[in-house]
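Inspection log for the structure reproduced underneath, given as structure tokens.
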Amino acid sequence: MPRIQVLSDTLVNQIAAGEVVERPANALKELLENSIDAGSVNLNVELMAGGTKLIKVIDDGIGIGRDDLALALHRHATSKIRDFDDLQRVATLGFRGEGLASIASVSRLVLTSRERDGVHAWRVEADHGRLTEAEPAALSVGTTIEVHDLYYQLPARRKFLKSDSTEYAHCADMVQRLALANPDKQFTLTHNGRAQQRYLAGDLAKRAAAILGDEFAASAIAIDEAAGPLRIHGLTGSPTLGKASRDAQYFFVNGRFVRDKVIQHALREAYRDVLHHDRHAAYCLFLDLEPEGVDVNVHPTKIEVRFRESQAVYRFLLHSLKKALADTKAGMASAESA
Ligand code: ADP
Ligand code: MG
């Protein structure tokens, strides 16, 4: 008997789940990103007990056909990339094919979906990775996924979950991030049966007002600059609106919320001379570049990225932001002297 054994699929998925779905908010992120990748325009989220009892996402995207239902829950199965070339230029939020498999290995997951040309919907259920046969179900076009009792059967993991209200707050933050990145889509969020957030489809200014506040939206500086393959656009906070915390800092690279040292450094430098040193800038900014210019396959949660030309990105951001901030300073000065 060899000492080394190949782990079961379920165990492999549960190990991955430890990274991908640290808490309900991460599971919610995986579900919402799938809905966005599927072209949905209405995304409805229902949570119970901070997402620990139930995370339900209802979308109106392209749906999943009967033959693909089991594959959707299978590890390393994806419709988003096919080969190494695709991996070099990922244009979707997902691509690793492990979100649903991971979640389904640490919960009871119900997946119901109907394709655009489907006569009716199909439904499968996965209880800690054990999958049922697909059966017919009723649903309008799109996909509904319910995640029940996340980590319920894994007490060692469950004990790291915080109170329902803390878990709910993380989920609400996640919805806000995705809602800011997708102002053209409608998002709703309910918790324990009560409506919490409703963002109607519109433009970034409206969405930013709803999430970052009217004061931010009214005083923010609109920015849209491009240089070669790089483009920065969005709203950057007026220096007079410095915040005591970093809560209102949203930066998206190719539509993906990221935390990145290069970006943070550029923003700090740009605001250094105009913002009081103990204040933090508020912003909702989007950097777009060709997918080959950024590696998103750095971490399972994809919150980190690596730029191929990080110095060029840094210089571009610093220059664009300084210019935008200087323009308003000049604008304010001339308004005052008038
Ligand atoms: P990934 O998003 O990395 O491909 P997932 O495990 O999250 O991996 O999803 C697996 C596959 O299931 C996706 O590639 C997609 O084809 C399908 N899928 C998942 N969620 C949805 C959805 N809401 N609508 C349509 N298809 C979906
Ligand atoms: Mg996914």
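Coordinate-derived values only; no laboratory data. Note that the coordinates shown come from a computational prediction; the quantities given were computed from them, not determined experimentally. Cβ: placed from backbone, ideal geometry, glycine included. Neighbour counts: every protein chain shown.
What to note about this one:
- Of the trypsin sites (Lys or Arg not before Pro) in segment 188-254, the ones in a loop by DSSP (not H, G, I, E or B) with at most 15 other beta carbons within 10 Å are R246.
- Qualifying aspartates and glutamates (Cα of each under 12 Å from Cα of K162; at least 8 residues distant if same chain): E22
- Taking the Cα centre of segment 9-199 as origin and assigning +1 to Lys and Arg Cβ atoms and -1 to Asp and Glu Cβ atoms, the resulting dipole is close to 580 debye.
- Cβ-defined net charge surrounding T301, 15 Å radius [Lys, Arg +1; Asp, Glu -1]: -1
- Long pairs among K302/K322; K29/K185; K159/K302; K53/K159, criterion Cα-Cα beyond 22 Å: K302/K322; K159/K302
- Dipole size of the chain about its Cα centre, with +1 on Lys/Arg Cβ and -1 on Asp/Glu Cβ: approximately 840 debye, rounded to the nearest 20.
- DSSP beta bridge pairing in the chain, given as percent antiparallel to the nearest 5: 85 percent
- Contact order for the chain, expressed relative to its length and based on alpha carbon pairs under 8 Å spaced 6+ residues apart, stands at 15 percent.
- Rounded Å value of the spacing that divides the Cα centres of segment 31-48 and segment 195-240: 21 Å
- Debye, to nearest 20: dipole size of segment 213-337, +1 on Lys, Arg Cβ, -1 on Asp, Glu Cβ: 340 debye
- The HN-Hα couplings worked out from phi for segment 126-135 by the Karplus form 6.51 cos²θ - 1.76 cosθ + 1.60 (θ = phi - 60°) are 10, 9, 6, x, 7, 9, 8, 5, 5, 10 Hz, whole numbers, x standing for Gly and Pro.
- Dipole orientation for the chain: of the candidates L32, F216, N44, F216 has the Cα lying most toward the positive pole (charges on Cβ; Lys, Arg +1; Asp, Glu -1).
- Taking amide H as placed 1.01 Å from N in the peptide plane, L139 has its amide H under 5 Å from the amide H of A121, each at least 5 places away in sequence or on another chain.
- Ordering V313, H277, I303 by Cα displacement along the dipole of segment 256-313 toward the positive end leaves H277 in first place; charges were set at the Cβ atoms of Lys, Arg (+1) and Asp, Glu (-1).
- Dipole axis of segment 58-150 (+1 Lys, Arg; -1 Asp, Glu on Cβ), positive-most option in I62, L150, F84: F84
- FRET efficiency for A326 and T166, using Cβ-Cβ distance with R0 set to 51 Å, rounded to 0.05: 0.80
- Derived scalar couplings ³J(HN,Hα) [segment 278-292; Karplus, 6.51 cos²θ - 1.76 cosθ + 1.60; whole Hz; x for Gly, Pro]: 9, 9, 10, 5, 9, 7, 9, 10, 10, 9, 10, 8, 5, x, 5
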